[in-house]
Each structure stands twice: as structure tokens, then as C-alpha cells.
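S.K.: The following block contains the structure, expressed as C-alpha cells.
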Amino acid sequence: AQAGAFVEDRKNGTVLTGNETKSAYLSVNLDRTTQSSGLFRLSAFGQTQRFSSTFSSQAADRNTENPALDQFRVPGSVIGTSLTYRQPIASHHLFSLGVDLRLLEGSTNESYFYQNGTFLRKRQAGGKQLVSGVFAQNVFFLTEQLELTLGARVDRWENRAGFRRETEIATGQAIRDDHHSDLARTVFSPRGGLRYDVTDAISLRTAAYRTYRTATLNELF
């Protein structure tokens, strides 16, 4: 088991700008070896954090500034789990199989449109993201010097409950109220690689693979 915390409080160069981050996490791994030297690993983890940040607009001579944006509460969290199995087959083959799942959630609360000494509008936005995957990999020790790796992974990601809402602070009147449609995709990622040990100290490697990255909640919403 492993746990940790992180706190940062930072100024960004002017009196009215700065940000603060607070984060905590917990992870647990459980390993079990089989009689045939196989290894099961069950993992679970969780992380939560809160972020705040202020921005300003400076005069051309940089002698004065006014608030421009106040991100006063930006929470985020993720929980996940995975199960992997690794099994050596004879002395020339190593097989691995696994599944994993992650659920992320985040939002932002911002005050903006500063005039006459106060912020006039408030913005809220956020959403959820679910990512799950399964993978398999084979490592073949073709000779004492040559190793071949073949693997593939299938991922499914889903974006849910995305929204953006803007209101007048004084009256609570809605200026904007967007609700994004849920979206899901399945992605296939193959991989192949070779490693050749020229000497005990020098190896040559080559690989070909396809991969992807999901857009973050901040990028999306």
C-alpha cells in the first residue's frame, strides 16, 4: 500500500496572481504467485485534488493591475483498478494479460468579467470520463541475443455529463447553459518490437506501434 499528499502555494509574478494545489492519493497492490510461477496482480487506486488560481490584466507600464479571472474552486478526482496476469512458458516465452478501468470527474468554478471593483459573472463547467481497456502481450526469446515482443490493446473511453453554465452573479440570471452529448469510442492499439543484445552493455531496439490519447476534461469542457 502507498499513500501520499501534495500541497503547493505559489505566486505568479504579481500581487494579484497566484495558485494553490492540494492533492492526496492512495494505492494498493496485491500479488499472488501460482504454482506454475505465474503472477496475478490486483491494483486499486484513488486520487483527489483541489486547485485554485487567479489571473490579472496589467497596465502597459506594469505599475497597476486588475483581477481578470478567479478560479476559486476546481476539484478533480480519479479512481481505478486493474488486474494483470503474467505467465512464463518454458524458457523462451512470457505471456501477459490484463484489464483496467479508470473513472475521472472534474469541474471548475470561476468568477470573471471584472468591472468597477467586482466580478459580474460566474462560470461552472465540468464532466466525467470513463476509460476501460484490455491488453495482451507475448515476449519471445528467439535466441540468447534476440527478443521479439508482440502485443495489442483495446480501449473504450466515454465522456459523460459535460456541461458549461454561466450566470450573472448579482441576479443569478443564466447567460449560457450548455449540456454536451455523451460520446464513446473504441480504439485498437497494436505493438511490435525487437531487441538485439550486441554485447552485455549494448542493445539495439526497434518498435512499431499505434496509440492514442483521450482529451482531458479540461480540454473538453
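S.K.: Could you pull out every one of the lysines with an alpha carbon less than 27 Å from that of Lys11, ignoring same-chain neighbours closer than 8 positions?
M.R.: Lys22, Lys122
S.K.: Would you calculate the volume per residue, in Å³, of the smallest convex hull containing every Cα atom of the chain?
M.R.: Values: hull volume 42.5 nm³, N = 221.
Taking the convex hull of the Cα positions in the chain, it is 192 Å³ per residue.
S.K.: What does the net charge come to around Asp100 if you take all other residues with beta carbon closer than 13 Å to its beta carbon, with K and R at +1 and D and E at -1?
M.R.: That works out to +3.
S.K.: Moving on to the next point. What is the sum of charges around Leu130, taking Lys and Arg as +1, Asp and Glu as -1, for the other residues whose C-beta is under 14 Å from the C-beta of Leu130?
M.R.: 0
S.K.: What accessible area per residue, rounded to a whole number of Å², is obtained for the chain using a probe radius of 1.4 Å?
M.R.: Ligands and nucleic acids excluded, the result is 66 Å² per residue.
S.K.: If you don't mind, there's one more thing I want to ask. Local charge sum around Arg165 (other residues, Cβ-Cβ under 15 Å, Lys/Arg +1, Asp/Glu -1)?
M.R.: Combined, the nearby Lys, Arg, Asp and Glu give +1.
S.K.: Return the distance in nm (one decimal) between the two label points of a simple spin-label model at Thr48 and Ile169, each offset 7 Å from Cα along Cα→Cβ.
M.R.: Taking the simple label geometry, Thr48 and Ile169 are separated by 2.7 nm.
S.K.: Take Asp182, Asp200 and sort them by solvent-accessible surface of the protein heavy atoms, 1.4 Å probe, largest at the top.
M.R.: Asp200, Asp182
S.K.: If you average the C-alpha positions of the stretch 132-204 and of the stretch 20-70 separately, how far apart do those two centres end up, in angstrom?
M.R.: Measuring centre to centre over Cα atoms gives 18 Å.
S.K.: Dividing the Cα convex hull volume of the stretch 72-147 by residue count, how many Å³ per residue is that?
M.R.: 125
S.K.: Please state the charge dipole magnitude for the stretch 36-131, taken about the Cα centre, from unit charges on C-beta atoms (+1 on K and R, -1 on D and E), reported in debye and rounded to the nearest 20.
M.R.: Computed about the Cα centre, the dipole is about 260 debye.
The values are calculated or read from the model by the stated rules, or taken from the named source; none is laboratory data. Nothing here was measured: the structure is a model prediction, and the numbers come from that model. A quick note on method: Cβ atoms are made from the backbone with ideal geometry, for glycine too, and the neighbour counts reach across all protein chains shown. The protein model used for the area step is the full one, side chains on, heavy atoms only, and it has no ligands, DNA or RNA in it. Shrake-Rupley method; radii C 1.70, N 1.55, O 1.52, S 1.80 Å.
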